[in-house]
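**Student:** Here it is, the structure, as structure tokens.
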């Protein structure tokens with residue numbers, strides 16, 4: 001489904017990835033672990049077409065991603081991928097339901113249909129009644145569930161989650177992971193979740209460890225294919 | 001092997017059957033059958049307490065003055081109802097208020113393996129990664145138990161998860177300090 005081959009990337013003089021290899025199978029939930037500064041988030045950004053590697057290759061569904069221009073990568077991210085980040089990163093000017101509807105609106109869905117589809121996620125993620133709230137009126141856990149709904153609303157083929165529970169307490173984080181894994185499995189979405197928390201990684205099918213810019217796990221092959 | 005049933009059974013053994021039965025009796029006087037049922041529901045976790053052990057334990061508690069037996073006459077065989085004594089209740093209280101001895105586990109098998117691996121020029125980091133993988137596999141199983149189980153299952157699984165997580169933090173810290181440890185061991 002998605003693959004990194006000998007990917008390297010430096011920020012100025014500082015190498016972040018030094019030949020990272022990774023394969024993620026369709027429908028798999030993969031946890032990418034590693035110490036701070038190991039390159040795990042950079043690897044996720046390369047897989048998602050946000051960053052372009054200095055060398056090496058990124059493949060998604062048989063297509064080379066790293067050689068696409070910015071416009072094509074942007075379309076890929078919008079149409080095929082979903083994202084959840086550590087702090088939700090909701091648009092503060094929009095209501096919760098508008099935030100969830102955003103990927104659909106950007107993809108050209110009519111507003112009414114997009115809002116209707118987005119609204120359905122509120123019951124699914126225990127957010128009923130919060131549709132009209134803005135991000136400042138939501139708790140951390142609620143905001144993160146709204147972000148999760150936004151990440152999944154367009155039924156992406158891959159959901160990239162970067163420390164999705166990093167700003168939450170243990171119980172709230174578990175609730176978010178429970179919903180993330182349940183929803184992803186339900187719609188067959190592949191998930192790549194970057195985390196430094198073993199309890200979060202335990203929701204995944206498999207984990208890999210990134211150290212010094214390389215994937216060093218002994219368990220480097222997908223469990224599904 | 002650190003399986004769920006072994007883990008849970010270790011927890012049960014660690015908490016002492018006699019004191020647990022006494023604790024259940026402090027709630028209300030009970031028959032042996034009811035005690036066994038409550039024990040199995042809350043503490044058995046797939047490993048029910050044998051009737052023989054229930055009655056043998058109750059007999060010992062009666063002998064030691066922790067419970068008294070009230071015989072209830074009826075049409076059939078006599079039924080024994082067990083009632084906790086003041087001495088039994090104070091023993092339960094003493095047990096509840098006393099903290100468990102925190103075990104530092106400074107000299108764990110894993111630590112010994114790491115040091116020996118360094119001494120013998122073997123790949124300590126690989127051993128730690130293998131251990132990390134085994135721990136995470138166990139954590140995945142316990143997470144599944146949590147997701148599919150009731151509150152009691154979830155809390156027991158949480159106990160295991162937090163312990164395994166603590167081990168993993170130690171593994172991470174040790175990996176990060178392997179170079180320093182190698183110098184220390186080589187002295």
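The values are calculated or read from the model by the stated rules, or taken from the named source; none is laboratory data. Values in this document were obtained by computation on a predicted structure and should not be read as measured data. Glycine gets a Cβ as well: all are built from the backbone with ideal geometry, and neighbour counts include every protein chain shown.
**Student:** Only one of A:81, A:85 is in contact with a strand residue (DSSP E or B) (Cβ under 6 Å, 6 or more places away or on another chain), at pLDDT below 90 and away from chain B (no Cβ under 14 Å). Can you tell me which? Even if it seems obvious, please write down each step before you answer.
**Tutor:** Details: A:81 fails: at pLDDT below 90.
Exactly one of A:81, A:85 is in contact with a strand residue (DSSP E or B) (Cβ under 6 Å, 6 or more places away or on another chain), at pLDDT below 90 and away from chain B (no Cβ under 14 Å), namely A:85.
**Student:** Then there is this: Tell me, please, whether a residue that is more than 10 Å from every other protein chain (Cβ to nearest Cβ) and more than 29 Å from residue B:40 (Cα to Cα) can be found in the range B:140-158.
**Tutor:** No; the residues of the range B:140-158 include none that is more than 10 Å from every other protein chain (Cβ to nearest Cβ) and more than 29 Å from residue B:40 (Cα to Cα).
**Student:** Something else now. If the requirement is being at pLDDT below 90, in a helix (DSSP H, G or I), on the phi < 0 side of the Ramachandran plot and more than 14 Å from chain B (Cβ to nearest Cβ), which of these qualifies: A:173, A:151, A:141? Full working, then the answer.
**Tutor:** Working: A:173 fails: more than 14 Å from chain B (Cβ to nearest Cβ); A:151 fails: at pLDDT below 90.
After ruling out the rest, the residue left standing is A:141.
**Student:** Counting only residues that are at the interface with chain A (Cβ under 8 Å from one of its Cβ atoms) and without any contact (Cβ under 8 Å) to a residue 24 or more places away in the chain, which one in the range B:130-139 is surrounded by the most Cβ atoms within 10 Å (Cβ to Cβ)? Even if it seems obvious, please write down each step before you answer.
**Tutor:** Here is the first cut: in the range B:130-139, the ones at the interface with chain A (Cβ under 8 Å from one of its Cβ atoms) are B:130, B:132-133, B:135-136, B:139.
Going one step further and asking which of them are without any contact (Cβ under 8 Å) to a residue 24 or more places away in the chain, we end up with B:130, B:133.
Details: B:130: 13, B:133: 16.
Once the filter is applied, the top-ranked residue is B:133.
**Student:** I've got another one for you. Here are some conditions: (1) within 14 Å of another protein chain (Cβ to nearest Cβ); (2) more than 12 Å from the chain's Cα centre (by Cα). Residue A:184 meets all but one. Which one does it not meet?
**Tutor:** Unmet condition: (2).
**Student:** Kindly state which strands (runs of 3 or more DSSP E) lie completely within the range A:1-89 and contain at least 1 residues that are more than 25 Å from residue B:140 (Cα to Cα). Can you show your working first?
**Tutor:** Numbers: elements: A:2-11, A:14-24, A:29-33, A:55-60, A:81-84.
It comes to A:2-11, A:14-24, A:55-60, A:81-84.
**Student:** For the range A:187-217, how many residues meet the condition of being on the phi > 0 side of the Ramachandran plot and more than 12 Å from chain B (Cβ to nearest Cβ)? So that I can check it myself, show each step before the final result.
**Tutor:** Looking only at the range A:187-217, we keep the residues that are on the phi > 0 side of the Ramachandran plot, and these are A:188, A:212-213.
This time we only want the ones that are more than 12 Å from chain B (Cβ to nearest Cβ), so: A:188, A:213.
Total meeting the criteria: 2.
**Student:** For the condition within 23 Å of residue A:3 (Cβ to Cβ) and modelled with pLDDT under 90, what is the one hit in A:212, A:178? Spell out the reasoning first.
**Tutor:** Working: A:178 fails: within 23 Å of residue A:3 (Cβ to Cβ).
Going through A:212, A:178 in turn, the sole match is A:212.
**Student:** Same structure, new question: Confirm whether residue A:159 is in contact with a helix residue (DSSP H, G or I) (Cβ under 6 Å, 6 or more places away or on another chain) and either more than 20 Å from residue A:81 (Cα to Cα) or part of a loop (DSSP other than H, G, I, E, B) (or both). Can you show your working first?
**Tutor:** Numbers: in contact with a helix residue (DSSP H, G or I) (Cβ under 6 Å, 6 or more places away or on another chain): yes; either more than 20 Å from residue A:81 (Cα to Cα) or part of a loop (DSSP other than H, G, I, E, B) (or both): no.
No.
**Student:** Within the range B:159-166, is there a residue that is more than 19 Å from residue A:177 (Cβ to Cβ), surrounded by 12 or more Cβ atoms within 10 Å (Cβ to Cβ), touching a helix residue (DSSP H, G or I) at 6+ places or on another chain (Cβ under 6 Å) and within 11 Å of chain A (Cβ to nearest Cβ)?
**Tutor:** No; the residues of the range B:159-166 include none that is more than 19 Å from residue A:177 (Cβ to Cβ), surrounded by 12 or more Cβ atoms within 10 Å (Cβ to Cβ), touching a helix residue (DSSP H, G or I) at 6+ places or on another chain (Cβ under 6 Å) and within 11 Å of chain A (Cβ to nearest Cβ).
**Student:** Search the range A:122-138 for residues being at pLDDT 90 or above and surrounded by 12 or more Cβ atoms within 10 Å (Cβ to Cβ), and hand back the single one that is nearest to residue A:166 (Cα to Cα).
**Tutor:** A:138
**Student:** Among the candidates B:46, B:23, B:52, B:65, single out the residue that is out of contact with any helix residue (DSSP H, G or I) (no Cβ under 8 Å at 6 or more places or on another chain) and either at pLDDT 85 or above or in a loop (DSSP other than H, G, I, E, B) (or both). Show your work before the answer.
**Tutor:** Details: B:46 fails: out of contact with any helix residue (DSSP H, G or I) (no Cβ under 8 Å at 6 or more places or on another chain); B:23 fails: out of contact with any helix residue (DSSP H, G or I) (no Cβ under 8 Å at 6 or more places or on another chain); B:65 fails: out of contact with any helix residue (DSSP H, G or I) (no Cβ under 8 Å at 6 or more places or on another chain).
Matching residue, one of B:46, B:23, B:52, B:65: B:52.
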